[in-house]
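Undergrad: Here it is, the structure in full.
Only the coordinates and a few stated rules stand behind these numbers; no lab work does. Bear in mind that the values here come from a model prediction, so they are computed numbers and not experimental data. Backbone-built Cβ (ideal geometry, glycine too); neighbour counts: all protein chains shown.
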Amino acid sequence: MFLALCAVLLNLSLSYAQYPADWRPADVHGALSVKGRFLCNEQGDTITLRGVSFGWHNLWPRFYNQAALKWLKNDWKASVFRAAMGVYKGVEDGYLENPDFALNCIEPVIRAAIAEGAYVIIDWHAHDFHPEEAKAFFRKMAREYGAYPNVLYEIFNEPTHKHFWPEIKAYAEDVIAAIREFDPDNIVIVGTPSWDQHVDIAAADPIRKFDNIMYACHFYAASHKDGNRARVQKALDMGLPIFFTECAGMEHTGNGFLDIPEWTRWVEFMEKNHLSWVNWSISNKNETCSMILPRGSYEGGWADDVIKPAGIQCRKFLRQYNGNDPLYQKSGE
Ligand code: MG
């Protein structure tokens, strides 16, 4: 029996990376706010959050657990997570079709982030307007989680080319008002036209009725390059607070060539401008952007051999920038 136990332990130690020390970034930074175009912590310092997005909850529900989040926080050094709640009817079993299942996936991740001292973005992962359902959902989230400094709300993942800024803005003001009934202060992130690429259009006519509002920008580095960065720079120059709630190194399909030099240019651009970023995604499909191999566990503990190239590079960036961020040093190692 003892030998059998030793064999099991030995086998585990060969299959799993060593569990790292605990790290609790949200405990240090506390409640977030927006000052000018910058994200600030409770002490008023400008901070940069860096982390990962889980894939669509209805496609990769098994990664939505506390152990995976804890591993990504402590080993990859992610300070922020995104729970991408599929809403869109084009992918089966989403929130509109099966709300109980959706909540049973994302709520453990929200609670895990709170328990583990990390930030979490509650992402309404839609490509179309569903204002009544969105307001009811975000009222519930704000009522349950709005008192926690860990929570941010992303109210419309990616408007498409069919959605123009005036209607996106009107939708956003409507949903933000619903959130503010229960939560006066947590950050709300608003989508921008054409899959969150036209932040300059939002910058020309930003929301003025509410505080602590940021705007989503997304990039896929093998497709989006200097032209996209020029639009971001224009929006920054106009004072728009931008949060990269989704980004990655390959083509815009999430597949194809992984362009690490261009991805590095983006990361350096975001770092220079104090822009927070979340990398897509913790999932295990046969595509470039899925960062874990199918034989990897759903609960973290991933050694390098089960992390795909995009995940290896993402972990490297996170450990480099969060690991060397002086504002995180107090959060323990
Ligand atoms: Mg609050």
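Undergrad: In nm, to one decimal, how far is the S223 label point from the E181 one, both placed 7 Å along Cα→Cβ?
TA: 3.7
Undergrad: Could you run the Karplus curve 6.51 cos²θ - 1.76 cosθ + 1.60 with θ = phi - 60° over region 20-30 and give me ³J(HN,Hα) per residue in whole Hz, x for Gly and Pro?
TA: Running phi through 6.51 cos²θ - 1.76 cosθ + 1.60 with θ = phi - 60° gives x, 5, 6, 9, 10, x, 6, 5, 7, 8, x Hz.
Undergrad: Which of the pairs K272/K308; K209/K272; K35/K70; K169/K234 have their Cα atoms more than 22 Å apart in this structure?
TA: Exceeds cut-off: K272/K308; K209/K272; K35/K70.
Undergrad: Sticking with this structure for a sec: Between beta-carbons, use under 13 Å as the cut-off and find the net charge around K169, counting Lys and Arg +1, Asp and Glu -1.
TA: Charge balance near K169 sits at -2.
Undergrad: Viscosity 0.890 mPa s, temperature 25 °C: what is the translational diffusion coefficient of region 86-238 from Stokes-Einstein with a Kirkwood Rh over Cα pairs, rounded to a whole number of µm²/s?
TA: So the translational diffusion coefficient is about 153 µm²/s.
Undergrad: Using the 10 angstrom Cβ neighbour count as an exposure proxy, how do D183, D200 rank, fewest first?
TA: D200, D183
Undergrad: Around P294, with a cut-off of 15 angstrom between Cβ atoms, what is the net charge of the other residues, counting Lys and Arg +1 and Asp and Glu -1?
TA: Around P294, the surrounding residues sum to +1.
Undergrad: Same structure, new question: What number comes out for the charge environment of D185, summing +1 per Lys or Arg and -1 per Asp or Glu over other residues with Cβ under 12 Å away?
TA: So the surrounding residues net to -2.
Undergrad: Let me ask you something else. Considering amide H positions built from the backbone, and no H for Pro or chain starts, which residues 5 or more places from S276, or on another chain, come under 5 Å of its amide H?
TA: Placed amide hydrogens put L49, F244 under 5 Å from S276.
Undergrad: Per residue of region 258-273, what does 6.51 cos²θ - 1.76 cosθ + 1.60 with θ = phi - 60° give for ³J(HN,Hα)? Whole Hz please, x for Gly and Pro, Karplus curve as stated.
TA: Listing the rounded values in order: 8, 9, 5, x, 6, 4, 4, 4, 4, 4, 5, 5, 5, 5, 4, 9 Hz.
Undergrad: Pick out, in residue order, every one of the chymotrypsin sites (Phe, Trp or Tyr not before Pro) in region 176-267 that is DSSP loop and has at most 13 other C-beta atoms within 10 Å; say none if there are none.
TA: Passing sites in region 176-267 are F257.
Undergrad: Skipping prolines and chain starts, which residues have an amide H placed within reach, meaning under 5 Å, of the one on H127, given they are 5 or more residues away or on another chain?
TA: Amide H neighbours of H127: Y88.
Undergrad: Residue by residue through region 280-294, what is 3J(HN,Hα) from phi via Karplus (6.51 cos²θ - 1.76 cosθ + 1.60, θ = phi - 60°)? Round to whole Hz and write x for glycine and proline.
TA: Residue by residue, region 280-294 yields 9, 7, 7, 7, 9, 6, 7, 8, 5, 7, 6, 8, 10, 6, x Hz.
Undergrad: Which percent, to the nearest 5, of DSSP beta bridges fully inside the chain are antiparallel?
TA: 15
Undergrad: Next question, about the same structure. Out of residues 5 or more away from M214 or on other chains, whose amide H comes under 5 Å of its own, with H placed 1.01 Å from N in the peptide plane?
TA: Excluding prolines and chain starts, which carry no amide H, the hits are V188, I189, V190.
Undergrad: Continuing with the same structure: Which Rg and Dmax, in Å, describe the Cα atoms of region 30-328?
TA: Cα only, region 30-328: 17.3, 49 Å (Rg, Dmax).
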